[in-house]
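Participant: If you scroll down you'll find the structure; I have some questions about it.
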Protein chains: 2
Amino acid sequence: MNHEYYMARALQLAKLGLYSTSPNPRVGCVIVREGVIVGEGWHKKAGGPHAEVHALQDAGDMAKGATAYVTLEPCAHTGRTAPCAQGLIEAGIAEVIGATRDPNPLVSGRGYDMLRDADIEVTEHCLQAEAEALNAGFMKRMRTGLPWVRVKLAQSLDGRTAMASGESQWITGPAARRDVQRLRARSCAVITGADSILLDNPAMTVRPEETGIELEEHLWRQPLRVVIDGRNRIGGDAKLFAQKGDVLIATRKISADPITRDEKLGKLAYWSGESKGKVDLYALLQELGERGCNEVLVESGAALAGAFVAAGLVDELILYCAPTLLGSNARPLLSLPLDSMKEQIRWHWQDSRQVGDDLRLTLRPVKLPVAKEA
Amino acid sequence: MNHEYYMARALQLAKLGLYSTSPNPRVGCVIVREGVIVGEGWHKKAGGPHAEVHALQDAGDMAKGATAYVTLEPCAHTGRTAPCAQGLIEAGIAEVIGATRDPNPLVSGRGYDMLRDADIEVTEHCLQAEAEALNAGFMKRMRTGLPWVRVKLAQSLDGRTAMASGESQWITGPAARRDVQRLRARSCAVITGADSILLDNPAMTVRPEETGIELEEHLWRQPLRVVIDGRNRIGGDAKLFAQKGDVLIATRKISADPITRDEKLGKLAYWSGESKGKVDLYALLQELGERGCNEVLVESGAALAGAFVAAGLVDELILYCAPTLLGSNARPLLSLPLDSMKEQIRWHWQDSRQVGDDLRLTLRPVKLPVAKEA
């Protein structure tokens with residue numbers, strides 16, 4: 001078997017942490033001796049052991065002289081746990097195959113250096129693209145301070161999200177709605193707008209039983225729910241405050257009469273930032289990056305989704321397209337006033353697949369978003 | 001090998017006639033003796049020999065005691081050619097495997113009866129669905145008098161076909177435009193509206209070199225170009241009159257000062273029919289059915305495409321979706337005023353595939369179009 005085979009297995013293990021490792025990355029480790037997998041591990045949860053620790057424990061004495069496959073460069077610093085590079089050295093690992101480097105430019109390469117200094121043979125970049133994709137949010141945050149921004153919208157064939165009256169339940173089917181629950185579950189934060197709260201009054205929570213995901217009870221977490229409410233219009237009776245989990249209200253100026261909430265359900269915080277008379281979306285994303293958010297999901301109406309797109313802040317667009325026509329009076333996908341073909345905003349196809357009776361289209365921008373203050 | 005194997009080959013042969021057999025159906029025939037294909041044939045062009053004649057010629061004496069696979073029931077009447085059922089009998093064919101019956105209810109089954117009366121063993125319905133799909137237009141016309149109506153539209157991700165100014169060149173890429181040329185080439189008629197003629201002045205012709213289709217020179221044909229011009233707005237200087245091929249102008253009342261045209265390029269005819277102050281689309285389709293049109297392609301703007309959809313006259317919707325956003329000021333896919341979710345028009349997915357950099361979505365209506373006067 002070649003290196004890619006074992007690394008693919010390590011990536012499978014890493015993916016088990018899709019819904020639980022944040023703010024840490026998803027990482028897997030496989031230990032192989034004479035062509036036999038003798039140890040496997042994955043990082044489950046921040047504060048818990050890293051993937052390498054689990055895999056070394058699993059391998060026991062068999063780790064001596066073995067090869068370790070790691071989807072991310074082993075850490076070289078003492079954080080909440082001892083450095084993993086040291087652990088691999090002490091266990092007698094002879095060779096390390098790595099997929100990606102530590103994305104933080106200040107520490108990148110130090111883990112591999114520590115291994116090489118101990119005469120361990122290190123080969124890098126095995127299935128690097130796959131490993132990067134699994135942690136696109138963590139990678140982006142480490143490199144830019146900003147989270148990965150995913151905008152999700154449900155539309156008809158003719159690009160409409162609701163009737164003129166606002167009526168929209170349900171355009172897409174149950175399989176697409178379950179898929180959205182999974183997008184929420186992998187996200188560190190879910191962003192919506194005051195309009196959506198006032199119109200639909202959603203809970204914005206992850207409902208584990210609707211996701212179809214099997215996860216140990218203690219690994220479930222609720223994403224931070226972020227409401228963009230520039231004019232302080234939402235009230236304390238909105239459904240999202242009555243559900244467990246933290247809430248952040250992003251506004252232009254914090255209200256003189258802020259909403260209060262039973263702290264037992266979760267924290268309620270305010271953040272303010274203004275740019276051109278609107279909530280400053282770029283600064284808000286910086287704030288979420290500082291709070292350790294790797295992936296954020298924008299689930300909003302046409303106005304807010306259009307603002308994220310127009311500002312070039314979107315990394316991934318996910319469109320659930322239902323096989324129906326809602327007609328030309330219905331509401332547009334995005335509020336995005338453009339006048340000529342040269343202003344069009346082009347994307348790359350990433351994926352297209354059927355989800356129940358709907359089609360899910362995944363796209364990424366042709367030009368990468370430019371950091372406003374870069 | 002089983003029957004499906006040889007019938008699949010017969011269907012491959014039939015498909016060679018995709019662009020040339022109308023008003024006849026596409027038909028293929030394979031003759032098999034002791035597991036070996038000894039004769040193959042397909043119908044090329046109306047007035048020319050049927051598939052069975054070609055296949056029997058190809059087989060020669062080997063046809064004696066052989067099995068014939070036919071994608072359509074052999075004809076039992078003397079038309080432009082002698083009845084094929086008779087030909088199979090005379091050649092000494094021992095067994096016939098058929099995919100579909102003659103769709104005309106008045107003659108359906110007579111070809112097979114003639115074979116059975118001659119002690120030939122007949123098995124029907126082999127790959128019937130595939131054979132029906134290849135001739136959906138011919139089948140529908142024989143059963144209802146109406147052609148198969150395909151509406152093609154090119155749109156952005158947000159369901160827009162042009163900027164507010166009308167600017168639209170080019171939303172989709174060259175591969176999608178080549179694909180549209182192939183849709184035209186297989187159609188008996190291409191329908192457009194006066195608005196499109198006045199705005200874009202298209203030739204509406206098939207340009208063989210753009211199709212990527214290899215076809216013998218004499219098999220190329222131009223679909224009838226139909227312009228729906230209820231108020232007699234288009235002039236004789238429109239580009240489509242200067243191109244070879246027949247033109248039909250469908251109007252509410254024929255102009256007192258009709259357009260004339262150089263007959264060497266092709267015929268120009270008028271047809272009139274009115275319903276509720278508009279050109280009667282249903283009656284127009286009946287007219288096209290009477291003219292032997294199996295498949296018609298609607299290539300128009302939002303208004304006419306919307307009218308076909310609203311009238312329930314569409315059998316197939318083909319959307320070329322480009323990975324771009326044109327914004328909320330841009331023109332809608334269809335002029336289709338609907339007010340509530342219960343009025344939505346639902347479709348079944350038929351196909352979804354990438355064509356160049358665009359996605360081609362093919363859909364069929366959930367409810368079959370109801371014949372107005374049935």
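The values are calculated or read from the model by the stated rules, or taken from the named source; none is laboratory data. Please read these numbers as outputs of a predicted model, since none were measured by experiment. Neighbour counts are summed over all protein chains in view; Cβ atoms, including those assigned to glycine, are modelled from backbone coordinates with ideal geometry. Areas reflect the complete protein model, heavy atoms only, side chains present, ligands, DNA and RNA absent. Shrake-Rupley method; radii C 1.70, N 1.55, O 1.52, S 1.80 Å.
Participant: Taking the Cα atoms of chain A, report the difference between the largest and smallest coordinate on each principal axis, in whole Å and largest first.
Facilitator: Here the Cα extents, ordered largest to smallest, are 68, 45, 42 Å.
Participant: Using only the alpha carbons, work out the radius of gyration and Dmax of segment B:1-131 in angstrom.
Facilitator: Reported Rg and Dmax, both Å: 12.9, 36.
Participant: Continuing with the same structure: Most fluctuating residue of A:Pro223, A:Pro49, A:Pro147 in a GNM of chain A with Cα springs under 10 Å: which is it?
Facilitator: A:Pro49
Participant: First compute the accessible area of chain B with a 1.4 Å probe, then give the percent of it belonging to carbon and sulfur atoms.
Facilitator: Summing carbon and sulfur atoms, their accessible area is 49 percent of the total for chain B.
Participant: Using a 10 Å cut-off on Cβ atoms, rank the peptides A:212-221, A:37-46 from the highest mean neighbour count down.
Facilitator: Taking the mean over residues of other Cβ atoms within 10 Å, the ranking is A:37-46, A:212-221.
Participant: Round to the nearest 10 and give me the degree value, 0 to 90, for the angle of helix B:281-290's Cα axis relative to the longest principal axis of chain B.
Facilitator: Relative to chain B, helix B:281-290 is tipped by roughly 30 degrees.
Participant: Summing +1 for each Lys or Arg and -1 for each Asp or Glu, what net charge is found among the other residues whose Cβ lies under 11 Å from the Cβ of A:Val226?
Facilitator: Here the charged neighbours net out to -2.
Participant: Sort B:54-63, B:151-160, B:348-357 by the packing proxy (mean of other Cβ within 10 Å over each peptide's residues), most packed first.
Facilitator: B:151-160, B:54-63, B:348-357
Participant: With a 10 Å radius around each residue's Cβ, average the other Cβ atoms per peptide and rank A:173-186, B:6-19, highest first.
Facilitator: Answer by packing, highest mean first, reads B:6-19, A:173-186.
Participant: Please figure out what share of the DSSP beta bridges in chain A is antiparallel and state it in percent, rounded to the nearest 5.
Facilitator: If I count the DSSP bridges inside chain A, around 45 percent turn out antiparallel.
Participant: Can you give the accessible area buried between chains A and B, summed over both chains, with a 1.4 Å probe, in Å² to the nearest 100?
Facilitator: Roughly 3700 Å².
Participant: For the full complex of protein chains and a 1.4 angstrom probe, list A:Tyr282, A:Tyr112 by accessible area with the highest value first.
Facilitator: If we order A:Tyr282, A:Tyr112 from most to least accessible, we get A:Tyr282, A:Tyr112.
Participant: Averaged across the residues of B:346-352, what count of C-beta atoms belonging to other chains lies within 10 Å of each residue's C-beta?
Facilitator: 4
Participant: Nearest 10 degrees, 0 to 90: what angle lies between the long axis of helix B:3-15 and the longest principal axis of chain B (Cα atoms)?
Facilitator: Between helix and principal axis, roughly 50 degrees.
Participant: Can I ask one more? For chain A, give me every cysteine whose Cβ has no other Cys Cβ within less than 4.7 Å, ordered by residue number.
Facilitator: A:Cys29, A:Cys75, A:Cys84, A:Cys126, A:Cys321
Participant: Now for a different question. Taking the Cα atoms of segment B:144-363 alone, what are Rg (to one decimal) and Dmax (as a whole number) in Å?
Facilitator: Looking at segment B:144-363, its Cα Rg and Dmax stand at 17.2, 52 Å.
Participant: Identify all aspartates and glutamates with a Cα-Cα distance to A:Lys367 below 17 Å; exclude those on the same chain that are fewer than 8 residues away in sequence.
Facilitator: Within reach: A:Asp315, A:Glu316, A:Glu343, B:Asp357.
Participant: Treating the point 7 Å from Cα along Cα-beta-carbon as the label, what are the nm separations from B:Pro174 to the other copies, to one decimal?
Facilitator: So the label point of B:Pro174 gives 4.8 nm to the other copies.
Participant: Chain B: which residue's Cβ hugs the B-to-A rotation axis most tightly, distance rounded to whole Å?
Facilitator: B:Gly159, 1
Participant: Shortest first and in nm to one decimal, what separations exist between B:Ala133 and its copies in the other chains, measuring from label points 7 Å along the Cα-to-beta-carbon line?
Facilitator: 2.9
Participant: Any of A:Lys15/A:Lys45; B:Lys140/B:Lys342; A:Lys253/A:Lys276; B:Lys239/B:Lys264 with alpha carbons more than 24 Å apart? Name them for me.
Facilitator: Too far apart for the 24 Å limit: B:Lys140/B:Lys342.
Participant: Moving on to the next point. Quick one: which residues, 5 or more positions from A:Ser328 or on another chain, have an amide H under 5 Å from its amide H? H modelled 1.01 Å from N in the peptide plane, none for Pro or chain starts.
Facilitator: B:Leu336, B:Leu338
Participant: Can you give the mean number of other chain Cβ atoms that lie within 10 Å of the Cβ atoms in peptide B:355-366?
Facilitator: Average neighbour count from other chains, rounded to a whole number: 2.
Participant: Under a GNM of chain A (C-alpha, springs under 10 Å), which listed residue has the highest mean-square fluctuation: A:Ala129, A:Ala94, A:Ala302?
Facilitator: A:Ala129
Participant: So what is the orientation-averaged projected area of segment B:70-191, using the convex hull of its C-alpha atoms, in nm²?
Facilitator: That works out to 10.8 nm².
Participant: Report the label-to-label distance for B:Glu290 and A:Arg233 in nanometres (one decimal), using points 7 Å from each Cα along the Cα→Cβ vector.
Facilitator: The two pseudo-label positions are separated by 5.8 nm.
Participant: Continuing with this model, one more query. Going by a ≥ b ≥ c, the root eigenvalues of the Cα gyration tensor, does segment A:256-300 fall in the rounded group (a/c under 1.5), the prolate group (a/b larger than b/c) or the oblate group?
Facilitator: Since a/c reaches 1.5 but b/c is at least a/b, the shape of segment A:256-300 is classed as oblate.
Participant: What are the label-to-label distances in nm, one decimal and shortest first, from A:Trp220 to the same spot in the other copies, with labels 7 Å along Cα to Cβ?
Facilitator: 6.6
Participant: Find how many whole Å separate the alpha carbon centroid of segment A:78-127 from the alpha carbon centroid of segment B:125-148.
Facilitator: 65
Participant: May I pose another question? From the phi of every residue in segment B:336-343, what ³J(HN,Hα) in whole Hz does the Karplus formula 6.51 cos²θ - 1.76 cosθ + 1.60 yield, where θ is phi - 60° and glycine or proline is x?
Facilitator: So the Karplus estimates, Gly and Pro as x, are 8, x, 10, 10, 9, 4, 6, 8 Hz.
Participant: Could I ask something else about it? Would you calculate, for chain A, the mean residue ellipticity at 222 nm contributed by helices, counting each DSSP H stretch of 4 or more residues as -39,500 (n - 2.57) and dividing by all residues, to the nearest 500?
Facilitator: -7000 deg cm²/dmol
Participant: Accessible area of A:Thr67, 1.4 Å probe, to the nearest 10 Å²?
Facilitator: 20
Participant: In addition: Once a ≥ b ≥ c are taken as the square roots of the eigenvalues of the Cα gyration tensor of the protein assembly as shown, is the result rounded (a/c under 1.5), prolate (a/b larger than b/c) or oblate (a/b not larger than b/c)?
Facilitator: Oblate, since a/c reaches 1.5 and b/c is not below a/b.
Participant: When chain A is modelled as a GNM with alpha-carbon springs shorter than 10 Å, which of A:Glu130, A:Glu34, A:Glu287 fluctuates the most?
Facilitator: Comparing A:Glu130, A:Glu34, A:Glu287 in a Gaussian network model of chain A, the most mobile one is A:Glu34.
Participant: Follow-up. What net charge do the residues around A:Cys188 carry, taking every other residue with its C-beta under 10 Å from that of A:Cys188, with Lys and Arg at +1 and Asp and Glu at -1?
Facilitator: Charge balance in the 10 Å sphere: +3.
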